[in-house]
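This report refers to the structure that appears directly beneath it.
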Amino acid sequence: MPEQSSVDLLPRLGAFARLLHDAGMEAGPRRLTDATRALNHVALASPVDFRNALRSVFVSRKEDIDTFEAAFDIFWAPPDPRASAGQVPGRSRALPLSPERAKAWSNALGLNQSQMNREQDVTVVPESSSGYSAEELLRHKDFEQMTWQETQQVRRLLEQAPWRMAERKTRRLRPARSGRIDLRRTARHAIRSSGELMQLFRRRPRLRRRPLVLICDVSGSMEKYSRLLMIFAHAIARREDLEAFVFSTRLTRVTRLLRQRDLDRSLDSLSKGVHDFSGGTRIGDALADFNRHWARRVLGHGAVVIIVSDGWDRGDPSQLTAELIHLRRTAHRLIWLNPLIGSKGYQPLTRGMAAALPHCDDFLAANNLQALDDLGKLLAGLGTRAARSS
């Protein structure tokens, strides 16, 4: 372990932060600054203190621990003269890197890439994908059962998914080759032609994509799915007109947080900005808050509303029914996503789902990539009028 001061270590700390970032962890300038300050309070000659100081700064989630340990071993462990070239003791954990980054880091650290992949168990994650079909096994795997590396692949696939909302006709008109006759434009052209009607001009309504409103349950029972669903919401927010809300015991608008370009920073802002993650569930109260304070602002222009919840509710079922009836009247389409639908033998028997089902246009799964792909196809194919069930 280096014995110089933390200031002298700054260039190497910066390189280590880049390795963590390439492996999918948050390791921006703020974390790097905090790491420098932390090292000022420990004995740099102590490998344990050095490792613990950096871990306390860069690791903010349980699932990041193994990634940090693998990256630390690869970057900081001293070479063992008894080991073969490129081999570092203790590197038994997986480190997910894209093929290009794995090659770059193996060269930078003086390791042979094949040895780095084999002996250090670096998981090479495909940089790009032509779609979910290239990950056929992954697309049907339940989010709850995925490893950290598989979650990173899902994240990349969600960011690349070709989400596109269906279009709606607006009141504004545009010139077109077919459609209603544009009398004003036709008359102006006739005047310039000495009053002769030389050409009929036509116009059609302009098309705009439908707005999308996402209301996502982040209570304790949804904890296993919340992070990937937020990644899904971030992917849509980058391309569509999305208004996003999360709820547990209360409703919180997170639209601006999801519009941040950097996904990790967006998720970090969400965890800090939403104070009741993994709390109880009061779906009726959350929808009442939405209907009272937000519906008029975000449900115009034929918006599609998606509620994501497993239906476990501590509130009053009659209130949930009343709020859903009101919400369904004002939305173009009301879709309920439930990650438990994919579970074997699942039946919507909880009082929340029993109250909600009669008032939803669609009741769909949200437990894997295939389910989200099906949702994307549904959104892209919505007609100009809502298909109401009886």
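No value in this document is a laboratory result; all are computed from the given coordinates. Given the structure is predicted, the values throughout are model-derived calculations rather than measurements. Note: ideal-geometry Cβ built from the backbone for every residue, glycine included; neighbour counts use all protein chains shown.
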task = With the Cα gyration tensor of segment 167-208 in hand, give its eigenvalues times 5 under a square root as the equivalent ellipsoid semi-axes, listed largest first in whole angstrom.
result = 25, 8, 6
ask   = Across segment 329-336, in residue order, what do the Karplus-derived ³J(HN,Hα) couplings come to in whole Hz, using 6.51 cos²θ - 1.76 cosθ + 1.60 with θ = phi - 60° and x for Gly and Pro?
value = 5, 9, 9, 5, 8, 10, 10, 10
remark   = Using alpha-carbon positions, the gyration tensor of segment 269-343 gives root eigenvalues a ≥ b ≥ c; with a/c under 1.5 called rounded, otherwise prolate if a/b exceeds b/c, else oblate, the class is rounded
key: Separation of the Ala45 and Lys377 label points, Cα + 7 Å toward Cβ, nm   = 6.6 nm
Computed label-point distance, nm, for sites Leu137 and Gln160 using a 7 Å Cα→Cβ extension = 1.8 nm
ask   = How do the peptides 264-275, 235-246 rank, highest first, by the average count of neighbouring beta carbon atoms within 10 Å per residue?
value = 235-246, 264-275
remark   = With x for Gly and Pro, the residue-by-residue ³J(HN,Hα) of segment 286-291, computed from phi through the Karplus equation 6.51 cos²θ - 1.76 cosθ + 1.60 at θ = phi - 60° and given in whole Hz, is 5, 5, 5, 4, 5, 4
query = Can you list the equivalent-ellipsoid semi-axes of segment 217-279, largest first and in whole Å, using the square root of 5 times each Cα gyration tensor eigenvalue?
reply = 18, 11, 11
remark   = Quick calc, His293 & Arg239: beta-carbon distance into FRET formula, R0 35 Å, rounding 0.05, result 0.85
request  = Using a 10 Å cut-off on Cβ atoms, rank the peptides 32-38, 322-328 from the highest mean neighbour count down.
outcome  = 322-328, 32-38
task = Mind jotting down a quarter of the surface of the convex hull over the alpha carbons of segment 210-380, in square nanometres, one decimal?
result = 8.8 nm²
ask   = Under 5 Å between amide H atoms, partner at least 5 residues away or on a different chain: which partners does Val213 have, H built in plane at 1.01 Å?
value = Glu243, Val304, Val305, Ile306
